[in-house]
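The values are calculated or read from the model by the stated rules, or taken from the named source; none is laboratory data. None of these values were measured; they are calculated from a predicted model. Virtual Cβ from ideal backbone geometry, glycine too; neighbours counted across all protein chains shown. Ligands, DNA and RNA are excluded from the accessible area calculation, which covers all protein heavy atoms including side chains. Shrake-Rupley method; radii C 1.70, N 1.55, O 1.52, S 1.80 Å.
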Amino acid sequence: MSYFERIKNTPIKENPIIMGIETSCDETAVAIIKNGREILADEIISSATEHARFGGVVPEIASRSHTTAILTATERALKSANMTLDDIDAFAVTEGAGLLGALLVGVSFAKALAFSTGKPLVPVSHIRGHIAASYLADKELEPPFISILASGGHTAIVAVEDYYNLKVLGSTIDDAVGEAFDKVARVLGLPYPGGPNVEKLAKSGKNNIVLPKMLKNYSGGEFDFSYSGLKTAVINYVHNQTEKGVEIVKEDVAASFQHSAVDVIIEKALKGAKKFGYNTIAISGGVGANGYLREALTNAVKDKGIKLVLPEKRYCTDNAAMIGAEGYLQYKKGNFADLTLNASAVMPL
């Protein structure tokens, strides 16, 4: 009897314990989640310092780092939860999107664990994982709600209609907001990772540089984004000032860019909540850790009858707890994979 024949009729447990495995980029992460809401263990081993020397993530370095770190992260998670593999009911793993070589490490490892223990293998979308992090932040949270998905690869306003159905109201037509942060950081001579360093610099700057509003006269969707023009405007500003011999106040450039990049996200999230009659907005994705976004959004929902869900910054960036949370939902649905599961560098929102 094949592995899949053995597990496809596995009884769905009422209170399952899910191990989440995440290796989509430069974080090797393993977490153990109970009932999709309770974090029993959460381990992250980052290779960011190795990539910083090159000004960004190097896929080959990331893949090699995962192969050396994944067993350690798993052992730490089991020890932290005071458990063994026998206590795990299913293994949830990020199948995409991300760096293909990095993803393959996690998928291969999860398949080995599932096969050797005879437990279900649960494929998880990295994007859905980010959105599911909100369930860890608010254990009473239930759909429907508006989710702001803001990361290095995606920028979107998503209507979470129920636990399984997500409706993308609008997304970026070119660069993602996190990608724009990284590119602006590079122009300003800031080290990797760009986002946190732009935010840090912006704290002592002024929003006094006029930058273009995105998608002016755009005939597409009202919830769409575009960061290519904003990024180019910052590059041109720095170049022109340099050519004129004018000293650039980097703090002001960072602050002005951050306002332009973030304010429109808040505006469209509020518009989405109003249009669909939702009274909850949650943030997800790496840019969700941005302090200005969190503060400005908090101020924006005051006196509007809107509940705000802000996951800890740790759970906005890549982590395995969010994969375990989404893995729980897929487990309850019986969405199990066989050993032919493969990684995918690109997945639709």
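Here are the numbers:
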| read-out | value |
| --- | --- |
| Failed item, numbered, when residue 194 is tested on (1) free of Cβ contacts under 8 Å to residues at least 40 places away in the same chain; (2) farther than 26 Å from residue 104 by Cβ; (3) more than 18 Å from the chain's Cα centre (by Cα) | (3) |
| The range 90-103, residues that are open to solvent by 20 Å² or more (accessible area, probe 1.4 Å) and closer than 15 Å to residue 30 by Cα | 95 |
| Filtered residues of the range 216-227 (kept if in contact (Cβ under 8 Å) with a residue 40 or more places away in the chain and not aromatic (Phe, Trp, Tyr)) | 220, 221, 222, 224, 226 |
| Counted residues, the range 282-316 - those being open to solvent by less than 60 Å² (accessible area, probe 1.4 Å) and of a type outside the set (Phe, Trp, Tyr) | 23 |
| Qualifying positions in the range 265-313 - among the polar types (S, T, N, Q) and more than 17 Å from residue 135 (Cα to Cα) | 290, 298, 299 |
| Check on residue 60, touching a residue at least 40 places away in the same chain (Cβ under 8 Å), touching a strand residue (DSSP E or B) at 6+ places or on another chain (Cβ under 8 Å) and either open to solvent by 20 Å² or more (accessible area, probe 1.4 Å) or not charged (D, E, K, R) (or both) | no |
| Residue, nearest to residue 338 (Cα to Cα), within the range 71-89, restricted to residues that are open to solvent by 10 Å² or more (accessible area, probe 1.4 Å) and of a type in the set (Val, Ile, Thr) | 84 |
| Subset of the range 190-209 (residues that are open to solvent by 50 Å² or more (accessible area, probe 1.4 Å), at pLDDT 95 or above and part of a loop (DSSP other than H, G, I, E, B)) | 203, 204, 206, 207, 208 |
| Where a residue in the range 318-340 is under 29 Å from residue 48 (Cβ atoms) and its partner, wherever it lies, is modelled with pLDDT under 95 and hydrophobic (A, V, I, L, M, F, W, C), with Cβ under 9 Å and at least six apart | 318/25 |
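One line per residue, one yes/no per condition, for (1) modelled with pLDDT of 90 or more; (2) open to solvent by 40 Å² or more (accessible area, probe 1.4 Å); (3) within 18 Å of residue 123 (Cβ to Cβ); (4) not aliphatic (A, V, I, L, M):
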{"site": "4", "(1), (2), (3), (4)": "no, yes, yes, yes"}
{"site": "8", "(1), (2), (3), (4)": "no, yes, yes, yes"}
{"site": "12", "(1), (2), (3), (4)": "yes, yes, yes, no"}
{"site": "18", "(1), (2), (3), (4)": "yes, no, yes, no"}
{"site": "22", "(1), (2), (3), (4)": "yes, no, yes, yes"}
{"site": "25", "(1), (2), (3), (4)": "yes, no, yes, yes"}
{"site": "37", "(1), (2), (3), (4)": "yes, yes, no, yes"}
{"site": "43", "(1), (2), (3), (4)": "yes, yes, no, yes"}
{"site": "47", "(1), (2), (3), (4)": "no, no, no, yes"}
